[in-house]
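The values are calculated or read from the model by the stated rules, or taken from the named source; none is laboratory data. Computed from a prediction, not measured in an experiment: that's the story for all the values here. Heads up, the Cβs are rebuilt from the backbone with ideal geometry, glycines too, and the neighbour counts pull from every protein chain shown. Side chains are part of the model used for accessible areas, which takes the heavy atoms of the whole protein and leaves out ligands, DNA and RNA. Shrake-Rupley method; radii C 1.70, N 1.55, O 1.52, S 1.80 Å.
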Amino acid sequence: MHTGKDSEALFIGWDVGGWNCDNNANSRDALVVLDRGRNVLGRPWRGNLRAVINEAGSTQAWVRALLDCCGVEPAGDLPPVILAIDTPLGFSQAFQQLVTGGLAAGAINESATNPYLFRYTEQFLF
């Protein structure tokens, strides 16, 4: 999401864990927030983002929730954010819609049916 001046941009790095990573201590989502000078803001976070994703009703709400996980509270309006995510082979349509300001896919409970985590072809294989 990019909404303003580059000088104010924040960078969020997301190492994606498994959808049910709360069941596996070795597989967790991890987040870190950096400013333009590559200084860590707040504190790095490790856990499960399933609830954060499911509860976000908009891109802005999702970004705010990611910043909250790391204890980063921007003053005033939400600054521009550049989100760096694990390199997948390709993003699912649902995930593309989520990060470009589209609608959230709704509640997701099981890993195999997660439209953000798996593309249609991967869900078909399950």
*Residues of the stretch 49-58 satisfying the condition of being β-branched (Val, Ile, Thr) and surrounded by 21 or more Cβ atoms within 10 Å (Cβ to Cβ)*: ILE53
*Hey, does the stretch 45-67 have a residue that's among the polar types (S, T, N, Q), modelled with pLDDT under 90 and more than 14 Å from the chain's Cα centre (by Cα)?*
no
*For residues that are open to solvent by less than 80 Å² (accessible area, probe 1.4 Å) and among the charged types (D, E, K, R), scanning just the stretch 26-44, find the one that is nearest to VAL16 (Cα to Cα).*
ASP29
*Pairs only if they're at least six apart or on different chains, beta carbon under 8 angstrom, first in the stretch 62-83 and in a helix (DSSP H, G or I), second not aliphatic (A, V, I, L, M); list them, first residue then second.*
ALA65/GLU55; LEU66/TRP14; LEU67/GLY42; LEU67/GLU73; LEU67/PRO74; CYS69/TRP45; CYS69/GLY47
